[in-house]
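The values are calculated or read from the model by the stated rules, or taken from the named source; none is laboratory data. Since the structure is predicted, the reported quantities are computational estimates derived from the model, not experimental observations. Backbone-built Cβ (ideal geometry, glycine too); neighbour counts: all protein chains shown. With ligands, DNA and RNA removed, areas are computed over all heavy atoms of the protein, side chains included. Shrake-Rupley method; radii C 1.70, N 1.55, O 1.52, S 1.80 Å.
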Amino acid sequence: MHSPDAGETGPGHAPMPGPAFLFDLDGTLVDSVYQHVLAWREALAAAGIELSVWRIHRRIGMSGGLMANALLRETGHRVTPEEADRLLRLHAEAYARQAPQVRPLPGARELLASLSQAGVPWTIATSARLDSARPTLEALGIGPEVPVVTRDQVRHAKPDPDLFLTAAARLGVPIGAAVVVGDSVWDLLAARRARALGVGLLSGGYGQDELERAGAYRVYEDPADLLAHLDEVGVRVAE
């Protein structure tokens, strides 16, 4: 007996939309997580705060404001809005010096090209502000035709769902038909809160068990590994 595939119609069945992909940027499509970690360490040191690198890494993926507050809280220091703003500025300046080292992750360009060729909608939703994200997007070859959503365009960033909800709306797809791809627990928590399917990548330094506990349906090594298994997340690429 034939069962209708997604997108087919039958008596009493409405067509089901195919998946759309909402990608995080840092650590998901580009190898930039550790540049961000070092930039945060530099910013904290400039503010007279010493914090271990591993503690900083555990917060990468949050919005900058939440990140600054969380890092200062690690020290037992009471955070003022002025201190948080200063840390954000120092981090942006430090990251700008690190940005020339950033490269696309293996398979990132090929993955996006394959989705486009298959007619699968996709975009990028990042907790970075546009000024910080622009060099990274250029390194990835993302042009103005892609409706990228940055921190500047939403009220709250990850782990709130706003970035992914806005990205789905920009693509004109229901969030329930979206696959969120991210490398951090904060990405997957935001995906879960948005009620999208979450897929995790190990390329940001989080472990598979952590990503699965945060809600990942599948976990892959990097964009190249996801590209090799697109059929597992509902994409059929013509051979």
Being modelled with pLDDT under 90 and more than 16 Å from ASP26 (Cα to Cα) narrows it down to one of GLY234, GLY215, so name that one.
-> GLY234
Which one of the conditions (1) open to solvent by less than 30 Å² (accessible area, probe 1.4 Å); (2) touching a helix residue (DSSP H, G or I) at 6+ places or on another chain (Cβ under 7 Å); (3) over 24 Å from LEU226 (Cβ atoms) does GLU74 fail to meet, given that it meets all the rest?
-> (1)
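Evaluate the following for LEU188: is it outside any loop (DSSP other than H, G, I, E, B), buried (at least 24 other Cβ atoms within 10 Å of the Cβ) and at pLDDT 95 or above?
Answer is yes for this residue.
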Complete set of residues in the stretch 145-185 that are part of a loop (DSSP other than H, G, I, E, B) and more than 13 Å from the chain's Cα centre (by Cα) | GLU145, VAL146, PRO147, VAL154, ARG155, HIS156, GLY172, VAL173, PRO174
Would you pick out the residues in the stretch 24-65 that are acidic (Asp, Glu), surrounded by fewer than 18 Cβ atoms within 10 Å (Cβ to Cβ) and assigned to a loop (DSSP other than H, G, I, E, B)?
-> GLU50
Top-ranked residue of the stretch 135-146 - restricted to ones that are open to solvent by 40 Å² or more (accessible area, probe 1.4 Å) and touching a residue at least 24 places away in the same chain (Cβ under 8 Å), ranked as nearest to ARG97 (Cα to Cα) | PRO135
Picked from the stretch 155-176 (must be open to solvent by 20 Å² or more (accessible area, probe 1.4 Å) and of a type in the set (A, V, I, L, M, F, W, C)), the residue nearest to PRO121 (Cα to Cα) is LEU171
Only one of these is open to solvent by 30 Å² or more (accessible area, probe 1.4 Å), more than 16 Å from the chain's Cα centre (by Cα) and of a type outside the set (Asp, Glu): ARG218, ARG193, ARG213. Name it.
-> ARG213
Filtering the stretch 83-141 for residues that are touching a helix residue (DSSP H, G or I) at 6+ places or on another chain (Cβ under 7 Å), outside any helix (DSSP H, G or I) and of a type outside the set (A, V, I, L, M, F, W, C) leaves a count of 10
